[in-house]
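A.B. asks: Would you mind keeping the following structure in view while I ask a few things?
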Amino acid sequence: MAFAQTTDNYRLHFEEAGTGTPIVFVHEFAGDWRAWEPQMRHFSRRHRCITYSARGYPPSDIPKDVAAYSQVQAVQDILSVMDAAKIDRAHIVGLSMGGFATLHFGLTAPERALSLTVAGAGYAAEKSTQEHMRTLSRTTADQFEKIGAKELAKTYALGATRVQLQNKDPRGWQEFASRLGEHDSLGSANTMRGVQAARPSIYDFESELKKMKVPTLIINGDEDEQCIQPGVFLKKTIPACGLLMLPKTGHTINLEEPDWFNLFVANFIASVEAGSWGERDPRSIPKH
């Protein structure tokens, strides 16, 4: 069991498998280091793969102060894991909360990113519903503290964008729900308040995203309503960006459709490493 030391002196648990060009996987709010097992098994055949638990998720440290949790700190934590693993540059792959961190990683430390895979990133991004979604996040944080992760997981795992996983893979969904119930209640509450309910909208970074040259793949499920329009925005804004929409698919994309997810991410990474994933041909952009 390996640990990275963060810039503010907390420990982050990480594990690795395989050799080759590094890939760092960054989990979603409802996941942890174990959520990437289908990808760790697949990609470690040709890559050095790293998965870790974010702060607030065992066996990483659980800061008691909500001030220790933020979008900015989430990016610094990716860097801390990479530094501990002695990785200079890596392909960064993130889902949802991890997708936001991956996107901000590209803005903050583009020199450390070989590529970015941003999956299911859109929660509370839309300006018209941002305050409502932030209120829901704070309410969810209160529920984690009131009834605990084990009890709240029973309803959280049945959200509108989670039932797709349950319908397609009941055993996989049960594993996902059981792991969610094992989360630290304080860590989850603080993550909700400090990250989910406080991060800025991706639309606020339009000018910066237009200048970001890191090869990027956006992946969304077509039944993950909150991510569709933000995904289109990112496709139109980031210069070297592709958008993949998976049909009849919800939020937990890497677990719900692991074969498709692995296939397209592997093709994307191979294209980047071959130097063939460039910026969009200006001739393909409509003039009006």
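A.B. asks: Given the conditions (1) within 23 Å of residue 199 (Cβ to Cβ); (2) assigned to a helix (DSSP H, G or I); (3) without any contact (Cβ under 8 Å) to a residue 40 or more places away in the chain, and given that residue 41 satisfies all but one, which numbered condition is not satisfied?
C.D. replies: (1)
A.B. asks: Residue under question is residue 288, and the condition is that it be in a loop (DSSP other than H, G, I, E, B) and in contact with a Ser or Thr (Cβ under 7 Å, 6 or more places away or on another chain); does it hold?
C.D. replies: no
A.B. asks: Counting just the residues of region 236-273 that are of a type in the set (Ser, Thr, Tyr) and assigned to a helix (DSSP H, G or I), which one comes out surrounded by the fewest Cβ atoms within 10 Å (Cβ to Cβ)?
C.D. replies: Among residues in region 236-273 that are of a type in the set (Ser, Thr, Tyr) and assigned to a helix (DSSP H, G or I), the one surrounded by the fewest Cβ atoms within 10 Å (Cβ to Cβ) is 271.
A.B. asks: Which residues, taken from region 1-48, are among the acidic types (Asp, Glu) and closer than 28 Å to residue 153 by Cα?
C.D. replies: 15, 16, 28, 32, 37
A.B. asks: Moving to a separate point now. Please enumerate the residues belonging to region 223-245 that are touching a Gly at 6+ places or on another chain (Cβ under 9 Å) and charged (D, E, K, R).
C.D. replies: 223, 224, 225, 235
A.B. asks: A further question follows. Please give the number of the condition residue 102 fails out of (1) modelled with pLDDT of 95 or more; (2) surrounded by fewer than 21 Cβ atoms within 10 Å (Cβ to Cβ).
C.D. replies: It is condition (2) that residue 102 fails.
A.B. asks: In addition: Answer with yes or no whether residue 198 is farther than 23 Å from residue 221 by Cα, surrounded by 21 or more Cβ atoms within 10 Å (Cβ to Cβ), of a type in the set (A, V, I, L, M) and touching a Lys or Arg at 6+ places or on another chain (Cβ under 8 Å).
C.D. replies: no
A.B. asks: Just to check your reading of the model, which residue among 59, 22 is closer than 18 Å to residue 84 by Cα, touching a residue at least 40 places away in the same chain (Cβ under 8 Å), out of contact with any Leu (no Cβ under 9 Å at 6 or more places or on another chain) and not hydrophobic (A, V, I, L, M, F, W, C)?
C.D. replies: Answer to the check: 59.
A.B. asks: Of the residues in region 207-227, how many are more than 21 Å from residue 92 (Cβ to Cβ), surrounded by fewer than 17 Cβ atoms within 10 Å (Cβ to Cβ) and not polar (S, T, N, Q)?
C.D. replies: Qualifying residue count for the region: 2.
A.B. asks: Quick one: how many residues across region 241-259 are in contact with a strand residue (DSSP E or B) (Cβ under 6 Å, 6 or more places away or on another chain) and farther than 14 Å from residue 95 by Cβ?
C.D. replies: Looking only at that region, the number is 4.
A.B. asks: Within region 145-160, count every residue that is crowded, with 18+ Cβ neighbours inside 10 Å and within 21 Å of the chain's Cα centre (by Cα).
C.D. replies: Looking only at that region, the number is 4.
The values are calculated or read from the model by the stated rules, or taken from the named source; none is laboratory data. Keep in mind the model is a prediction, meaning the values are calculated, not measured. Using ideal geometry, Cβ is built from the backbone for each residue, glycine included, and neighbour counts are taken over all protein chains shown.
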